[in-house]
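Quick notes on the structure that follows.
The values are calculated or read from the model by the stated rules, or taken from the named source; none is laboratory data. For clarity, every value in this text was computed on a predicted model and none was experimentally measured. Every residue, glycine as well, gets a Cβ built from its backbone with ideal geometry; the counts of neighbours run over all protein chains shown.
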Amino acid sequence: MNVSDQITDIALKLPYKVANVMPEKRRGKQYLYSHYTFIQFEKRINQFAYKLQDLGVSPGDKVLVFVKPCLDFAPLVFALFKMGAICVFIDPGMGKKNFLNAVEQVKPDVLIGIPLVNIIRHFYKSSFSTIKHFINFSNFSLFGAKGIFKALENAPVHFESYEPQKGDLAAILFTSGGTGIPKGVEYTHDIFIHQTKMLQKEFSLNASDIDVPGFPLFALFTLSMGMTSYIPDMDPSKPSKASGEKLVQNIMDCGATFVAGSPSIWRNVAEYCLEQRIQLPSVRVVCMFGAPIPNELHRKFSKILPNGTTYTPYGATESLPIANISGKEVLLETAELSDQGKGTCVGFPLEGVKIKIIKSTPEIIHDINEVTHLNSFEVGEIIVQSPTTTRGYYLMEAKTREAKINDGDGFWHRMGDVGYFDDKGRLWFCGRKTHVVEINGQAHYTIPVESIVNQHPMITRSALIEFKDELALVIERVDKKKKLSMDERNSFFAEVFEILSSHKLTKDIHHLFLLDALPVDVRHNIKIDRIKLKKMAKHGELS
């Protein structure tokens, strides 16, 4: 089945239901919105498919997509699915070097980009040398890129969808490269469809629900369920800069029931709601992903959502979703344990998902029979097998071998995370495998250690690193704008060391550093770049 067939089915059943909505203008605090119904959405998909075909796009072509969230973003992506092309998504925020390396590695055939992209790529011709067709996401041509909107309205409104064979790629989604080089994850049509069904079942979603996706690609799932999707007024490449005021207005305007995205987005929303004494009665689910969620954020939303709660699904680009837990369960059962250094509980595995905890090793594991299985409460490497687990990285055989474990006709994916199962069968996350600090043969896990010190009221977050073969902690303060005098700094450090000395997990930390803002990943603006911090400490860039 083609991913786009889901939209075709909905357009037949609910032709006049609103599909996607875009805020066009803002007058004061009031927005003016434009939208497509599902029948208009389906027609737009078909017109794009015909236009792309006329512009030279063929089934199997790898198509780089650099288009900002807008009313036509989702129809364009579904059109590429429909005609059997392979959508390639690379986060431009990963840095110029990584970005250009990713482009060269994937060897794209087509580029569809906004005018700015078609101007910039003109200066890096060698990286885009494999591209046969350049398409400008506008109604005019630019540097040889033909305008996709020119005469688009004249295109036919029916298009025969490509019938994918088993294993045919629908997309290549690049990881952000937060803990290594960016890798192109292979997504088939079947994986997208399975993900949609799993998310729909886990969150009890249906066509009556309304979505506000802080992460643009999430709308592909909710639209496939027949939900109405409101594009929020924010820059998705900078989630931490999202305006709580604007997002709350979008949510209240549409009566959103399901909102999703990085915790950095919803932290801003929570702070605005509490400051203004606003509740969000329509919201049933706040779905946050990308990094462990502070217990305090769950507490804040418990005051804001009279008819809903937070959820924190666990997964990765290579396998999503895997496990899930609600904020209500966290606050009732696991928050206190997290504060004691037990890690972050990410819940029970979803239906159809198998998870194992194995003895961690940096070596390639060729076969599942080679692993050492660990018992409950023993921390080890997390591996997963499910219908949504991707088979490999595009044209990166060595990286695929490192990440996959053969199991007869199937395989397991190595998440690159460490954690354990409790006696109830819930999964607990203890951090990235590459971030584990080993001192004198003893493993120290980031999330349990940091959770203890983060309870200090002056600390926003912290990061455990190695410094001169000893444990060190880099701290970001709540009031980062206020400069501390030497006496204030010494007093603050004394308080932190008192906390550290009182717990067995933290008593061996002898170095503290202060930083105005810890470096974070480009995609979610929430994952701490501990590798960069370690380098900064080594080069004397921390104080």
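Quick check on the stretch 205-243: of everything there that is under 16 Å from the mean Cα position of the chain (by Cα) and in a strand (DSSP E or B), which residue is surrounded by the fewest Cβ atoms within 10 Å (Cβ to Cβ)?
PRO213
I'd like the full set of residues that are modelled with pLDDT under 95 and surrounded by fewer than 19 Cβ atoms within 10 Å (Cβ to Cβ), limited to the stretch 169-194.
THR179, GLY180, ILE181
Just for strands (runs of 3 or more DSSP E) wholly inside the stretch 71-155: which have at least 1 residues that are touching a helix residue (DSSP H, G or I) at 6+ places or on another chain (Cβ under 6 Å), farther than 23 Å from VAL185 by Cα and not charged (D, E, K, R)?
The qualifying strands (runs of 3 or more DSSP E) are 133-136.
If you scan the stretch 526-543, which residues turn out to be in a loop (DSSP other than H, G, I, E, B) and not hydrophobic (A, V, I, L, M, F, W, C)?
Of everything in the stretch 526-543, those that are in a loop (DSSP other than H, G, I, E, B) and not hydrophobic (A, V, I, L, M, F, W, C) turn out to be LYS527, ASP529, HIS539, GLY540, GLU541, SER543.
Kindly state which strands (runs of 3 or more DSSP E) lie completely within the stretch 435-525 and contain at least 1 residues that are of a type in the set (Lys, Arg).
Answer list for the stretch 435-525: 459-467, 470-477.
Of the conditions (1) more than 21 Å from LYS532 (Cβ to Cβ); (2) of a type outside the set (Gly, Ala, Ser); (3) surrounded by 11 or more Cβ atoms within 10 Å (Cβ to Cβ), VAL453 satisfies every one except a single condition; which number is it?
VAL453 satisfies all of (1) more than 21 Å from LYS532 (Cβ to Cβ); (2) of a type outside the set (Gly, Ala, Ser); (3) surrounded by 11 or more Cβ atoms within 10 Å (Cβ to Cβ) except (1).
Of (1) under 28 Å from ASP253 (Cα atoms); (2) buried (at least 17 other Cβ atoms within 10 Å of the Cβ); (3) among the basic types (Lys, Arg); (4) touching a residue at least 60 places away in the same chain (Cβ under 8 Å), ARG26 satisfies all except one. Which?
If we test ARG26 against (1) under 28 Å from ASP253 (Cα atoms); (2) buried (at least 17 other Cβ atoms within 10 Å of the Cβ); (3) among the basic types (Lys, Arg); (4) touching a residue at least 60 places away in the same chain (Cβ under 8 Å), just (2) comes out false.
Go through (1) surrounded by 20 or more Cβ atoms within 10 Å (Cβ to Cβ); (2) under 30 Å from GLN249 (Cα atoms) one by one and return the number of the condition LYS328 breaks.
All conditions are met except number (1).
Residues of the stretch 356-373 being surrounded by 14 or more Cβ atoms within 10 Å (Cβ to Cβ) and within 12 Å of VAL418 (Cα to Cα), which ones? Don't jump to the end; show me each part of the working.
Going residue by residue through the stretch 356-373, those that are surrounded by 14 or more Cβ atoms within 10 Å (Cβ to Cβ) are 356-358, 360-361, 365, 368, 371.
Scanning the stretch 356-373 gives LYS356, ILE357, ILE358, SER360, THR361.
Every residue in the stretch 254-292 that is among the β-branched types (Val, Ile, Thr) and out of contact with any strand residue (DSSP E or B) (no Cβ under 7 Å at 6 or more places or on another chain), please.
If the condition is that a residue be among the β-branched types (Val, Ile, Thr) and out of contact with any strand residue (DSSP E or B) (no Cβ under 7 Å at 6 or more places or on another chain), then ILE265, VAL269, ILE278 are the ones that fit.
Kindly list, by first and then second residue, each pair from a residue in the stretch 328-355 that is under 19 Å from LYS201 (Cα atoms) to a residue that is of a type in the set (Lys, Arg) and modelled with pLDDT of 95 or more, limited to pairs with Cβ atoms under 6 Å and residues at least 6 apart or on different chains.
GLY347/ARG426; PHE348/ARG426
Okay, residues lined up against (1) touching a residue at least 60 places away in the same chain (Cβ under 8 Å); (2) surrounded by fewer than 19 Cβ atoms within 10 Å (Cβ to Cβ); (3) outside any helix (DSSP H, G or I):
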position	(1), (2), (3)
VAL3	yes, no, yes
ILE10	yes, no, no
VAL21	yes, no, yes
LEU32	no, yes, yes
PHE41	yes, no, no
ARG44	no, no, no
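If a residue counts only when it is more than 30 Å from TYR272 (Cα to Cα) and out of contact with any Ser or Thr (no Cβ under 8 Å at 6 or more places or on another chain), which strands (runs of 3 or more DSSP E) contained entirely in the stretch 299-365 have at least 3 such residues?
The strands (runs of 3 or more DSSP E) meeting that bar are 354-358.
Which pairs turn up if I take residues in the stretch 473-489 that are not assigned by TED's automatic domain parsing to the domain that holds ILE459 and look for partners that are in a loop (DSSP other than H, G, I, E, B) and surrounded by fewer than 17 Cβ atoms within 10 Å (Cβ to Cβ) with beta carbon separation below 6 Å, at least 6 apart in sequence or on another chain?
Taking only residues 6 or more apart or on different chains, not a single pair turns up.
Given (1) part of a strand (DSSP E or B); (2) closer than 28 Å to MET458 by Cβ, where does GLU296 come up short, assuming only one miss?
(1) is the only condition that GLU296 fails.
If you scan the stretch 380-424, which residues turn out to be closer than 22 Å to PRO448 by Cα and more than 20 Å from the chain's Cα centre (by Cα)?
Correct list: GLY380, GLU381, TYR420, PHE421, ASP422, ASP423, LYS424.
Surrounded by fewer than 19 Cβ atoms within 10 Å (Cβ to Cβ), over 22 Å from ILE112 (Cβ atoms), more than 18 Å from the chain's Cα centre (by Cα) and assigned by TED's automatic domain parsing to the domain that holds ASP72: which single residue out of LYS146, LYS166, LYS197, LYS201 fits that description?
That would be LYS166, the only listed residue that is surrounded by fewer than 19 Cβ atoms within 10 Å (Cβ to Cβ), over 22 Å from ILE112 (Cβ atoms), more than 18 Å from the chain's Cα centre (by Cα) and assigned by TED's automatic domain parsing to the domain that holds ASP72.
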